[in-house]
Structure formats: C-alpha cells, structure tokens
Amino acid sequence: MTDPLKAETMAAAYGVASDTQFGAVSPPLHLSTTYAFEGFERPRRYDYGRAGNPNRDMLGEALAALEGGAGAVVTSSGMAAIDLVLGQLGPADRVVAPHDCYGGTLRLLKARADKGQFRLAIVDLADAAALDAALVDSPALVMIETPSNPLMRVTDIADVARRARAAGAATMVDNTFLSPALQRPISLGADYVIHSTTKFLNGHSDVIGGAVVAARADDADALRAWANVTGVTGSPFDAWLTLRGLRTLFVRIERQQKTAGTIAAFLKRQPQVVAVHYPGLEDHPGHALAGRQQRGFGAMLSFELAGDINAIRRFCEGVRVFTLAESLGGVESLVAHPATMTHAEMGAEGRRVAGISDQVLRLSIGLEHEDDLLADIAHALLLAQD
Ligand SMILES: *Cc1c(COP(=O)(O)O)cnc(C)c1O
C-alpha cells in the first residue's frame, strides 16, 4: 500500500464504498443544505452547503489527486472557476492572458479589467518577446490555455511557468481541452489548474461545472474561503454526476483521441480540406512539444474547408452522426463553426488577429464507431462541394 494508486484507479475508485452508514458502493448524494450540530458550539465537519458539501469535496479531492495538486474547489461553471482565481487579485495587479484563449474567458477578463479590478495585458504567448515585455511589468498572474481553441496551438507550460515565476507571477493553466488524463500542468510548474468540468471530465454533456486545483495547500484554502464568500460553489448533484463521469475519463479519452487521430489523417487526404489542425499530425507546429508535455494528442481538432460560407453551411447541415453544436468533450461527436458560433463575439478583426478564418470547423470527437464518423464526414464533404 506504499505505492500511490495509479491515476486510472483514482478516477474509477475515489470514494467508492466509503459510505459508513449503509456501505453504499456508489457514493450517496447529500442534498441537505444544512447540518445538525453535535451539540452547542460543536459543529460537525459540515455546517452549511455553500461552505462545504460531501459530494463537492469528494469530486474536488479526486480532481486534486489526478492533477497532482494540494486541493481543489468545485464551482458552478468553468467561468466561475476562472473568476474565483481572478477574485484573488487587486486593482494594482496585472494579468497576462493569451490572445486566443476561450472567448468567455476573454470576455470575463476584459469586463473585470474595465471595472478596474486588475490590469490586463493580452499577448501571443508563442511570441517570446511579447511575453518578456509583459513580464517586465511584474504581473501577478499569467494564464495559459493549451492546446488553444480552435487552432490547437500548443504552449510550452514549463517554459512560460518558469519565466512567469522568475518575474514573480503565478501561472494558471486552463486544462479543459486535455484533462489530467493527458496533461498535468502542476507537474510542469503551474500554480493553478482550472477546468470547465462541463467538457471531458463530466463527459456526458449534462452538467455545467468547473474546478480550480491549486498546487499549494494555502492557495487551495484561500480559494475555498473566497468561494464561500462569493457563493460560486457547485451543486451537490452536479458534483455527484461529474464524479460518475470522471470514473470513465481515461477509457473515454483514450478511445476518443484514437478516433481523432484517424479522422485528422483522413481529413488531411481530402482535396477540399485546406488545413488540418491537430497536434498529433507530424507537420503540426506544436507536434514535438505536445509529444513532450502531453500524454496524448487529445480528441479535439479543427480543419479548414475550401469554399465560401455556403460550403460551410452545406457541411454543417450535411452531417448526420456529428451534431452541429457548441461545447466539447462529450461522448457524442460535435461540429462547430467558430466564426458564427463559439468565436462570433470576438469580431472579424479579433478572429483575423488570432488566425481563425471563416473556413475553420472544429470537431469534438466522441465515442461513435470511427467508420460511421468517417463516412459522415466524407458524405458532408461531398455535399459541401456542390
Ligand atoms: C467551456 C470552456 C470554459 C468555460 O466553461 P463553462 O463550464 O462553460 O463555464 C473555459 N475554458 C475552456 C477552454 C472551455 O472550453
């Protein structure tokens, strides 16, 4: 029992058969908002559901273990998780964020900065000179999101974290696209990992949720206290469902990324496809780095389809196995058109700067048989050509 359990075991078994009352194998759901004191001035472990809940704690402990952190806070959404970290900053603090981070993150950062809650520098993290220039101002926090959405650009977490630390900044990595099954940013020097658990961690497209994992216990305590102050903690049922989803994370993502690799290679051979963005492809600019810092290339990819908006429309309306929808990381495969969907709010100029053309389509690969997905894409590509 001296060896720590493997991550797969932790995901499958964390909290299993821990119920002391009935020996329930699947952890019971605790919906109660309040807890009886054992006696006057004698609270139990839990007193009030906003501050703490057994299901939320069990999920947070499992996530902290998987990410190699000291503790975690489970929030009501991915945005709430990011905002929880931002809530630690003051008006004199600076935040450095990547120019191609998740649209909702950019919107939150800009809105908070506009209210004077911190100062914001948006940079291309792949541009070493731009990052160095931003680090001269001694930022409090540097944010990383890798691979990026939707172009799958890969950022060197260890390098950015090292340079941020030398400048006195903490590093926060949004690990939503890969999950701890494929990337563990804390082991690469990150101070915080955030997740939209809505995506791969829950994996079934039926919970909106988030989490922050902190590398150090004092940071985890501070976040837990602040989450109670602001009330961004997630619901017990959501935590229960997300832990159930987490049980199968490793097998899901293993199959999903295998299929993603097959689909990326297939798309690459199609004459109507101008570019394929998948770190698993040898000619992807982040291929070597992803090979070093990730345990796999993931189940997200994007490609650029030749033709105008009508070709895009015919493709999106031509798929039958894929569903045209936002979000990602579920058991069902999705296609999204960033320019009119996930990245519409960025505006044409913002997308141009980030290199996201109107021809980009993003795929989240699910658990369907790869033959059906390939046939679906082939059929939609034919329709797109007309
Ligand atoms: C979805 C997403 C978020 C936001 O999470 P919500 O759960 O929708 O609030 C943040 N970052 C990334 C990379 C995401 O994909």
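Springs between alpha-carbon pairs under 10 angstrom, Gaussian network model over the chain: which of Gly23, Gly60, Gly90 fluctuates most?
It is Gly23.
Mind telling me which of Phe237, Phe37, Phe266 comes out most flexible in a GNM of the chain, alpha-carbon contacts under 10 Å?
Taking springs between Cα atoms under 10 Å, the residue moving most is Phe37.
With a Cα-only, solvent-free Debye model of segment 249-385, what are the log10 I(q)/I(0) values at q = 0.09, 0.14, 0.15, 0.19 Å⁻¹?
Debye curve over Cα of segment 249-385, log10 I(q)/I(0) at q = 0.09, 0.14, 0.15, 0.19 Å⁻¹: -0.25, -0.61, -0.71, -1.15.
Work out, step by step, the length gained on full extension between Ser357 and Val25: first 0.36 nm times the residue separation, then minus their alpha carbon distance; give nm to one decimal.
Working: separation 332, 0.36 × 332 = 119.52 nm, distance 4.95 nm.
Taking 0.36 nm per residue and subtracting the Cα distance, the gain is 114.6 nm.
State the extension gain, in nm to one decimal, for the chain segment bounded by Gln385 and Val16, taking 0.36 nm per residue of separation less the distance between their alpha-carbons. All intermediate terms of the calculation are to be shown ahead of the outcome.
On the way: separation 369, 0.36 × 369 = 132.84 nm, distance 5.19 nm.
Computed gain between Gln385 and Val16 is 127.7 nm.
Expected output is a single nm value to one decimal: the length gained when fully extending between Ala36 and Leu5, i.e. 0.36 nm times separation in residues minus the C-alpha distance. What is it? Working shown, then result.
Values: separation 31, 0.36 × 31 = 11.16 nm, distance 3.46 nm.
Full extension of this stretch gives 7.7 nm more.
Rounded to the nearest 500, what is the 222 nm mean residue ellipticity of the chain from helices alone, with -39500 (n - 2.57) per DSSP H run of 4+ residues and division by all residues? Walk me through the numbers before you get to the answer.
Details: 13 runs with 146 residues, N = 386.
It comes out at -11500 deg cm²/dmol, rounded to the nearest 500.
In degrees between 0 and 90, to the nearest 10, how far off the longest principal axis of the chain does helix 309-318 point, with axes built from Cα atoms?
60 degrees
Can you list the HN-Hα couplings for segment 294-301, worked out from phi with the Karplus curve (6.51, -1.76, 1.60; θ = phi - 60°), rounded to whole Hz and with x for Gly and Pro?
Here the 3J(HN,Hα) series is 10, 9, x, 9, x, 10, 10, 8 Hz.
Can you give the FRET efficiency to the nearest 0.05 for Ala92 and Asp308, using r as the Cβ-Cβ distance and R₀ = 56 Å?
Values: r = 48 Å, r/R0 = 0.87.
Once rounded, the FRET efficiency stands at 0.70.
Can you tell me how segment 109-154 classifies by the Cα gyration tensor, rounded, prolate or oblate, using a/c under 1.5 as the rounded cut?
Values: a/c = 2.67, a/b = 1.33, b/c = 2.01.
Note, shape of segment 109-154 comes out oblate.
For the residue pair Arg292 and Val274, what label-to-label distance in nm results when each label sits 7 Å from Cα along the Cα-to-beta-carbon direction?
3.2 nm
If amide H atoms are built 1.01 Å from N in the plane of the peptide, which residues on other chains or at least 5 residues away come under 5 Å of the amide H of Val274?
Amide H neighbours of Val274, under 5 Å, 5+ apart: Glu304, Leu305, Ala306.
Give me a comma-separated list of calculated 3J(HN,Hα) values for segment 34-41, in order, Karplus coefficients 6.51, -1.76, 1.60 applied at θ = phi - 60°, integers in Hz, x for any Gly or Pro.
9, 10, 5, 6, 5, x, 4, 6
With a 1.4 Å probe and all protein chains left in place, how much of the accessible area of segment 249-385 comes from carbon and sulfur atoms, in whole percent?
The nonpolar share, carbon plus sulfur, comes to 53 percent.
Taking the DSSP beta bridges in segment 249-385 as the whole, what percent of them are antiparallel, to the nearest 5? Intermediate values should be presented prior to the final figure.
Details: 12 of 14 bridges.
Just about 85 percent of them are antiparallel.
With both bridge residues required to lie in the chain, what share of the DSSP beta bridges run antiparallel, to the nearest 5%?
Details: 25 of 42 bridges.
That works out to approximately 60 percent antiparallel.
The values are calculated or read from the model by the stated rules, or taken from the named source; none is laboratory data. Computed from a predicted model, the values in this text were never measured in an experiment. So basically every Cβ, Gly included, is an ideal-geometry build from the backbone, and we count neighbours across all protein chains shown. The area values use the complete protein model at the heavy-atom level, side chains included, leaving out ligands, DNA and RNA. Shrake-Rupley method; radii C 1.70, N 1.55, O 1.52, S 1.80 Å.
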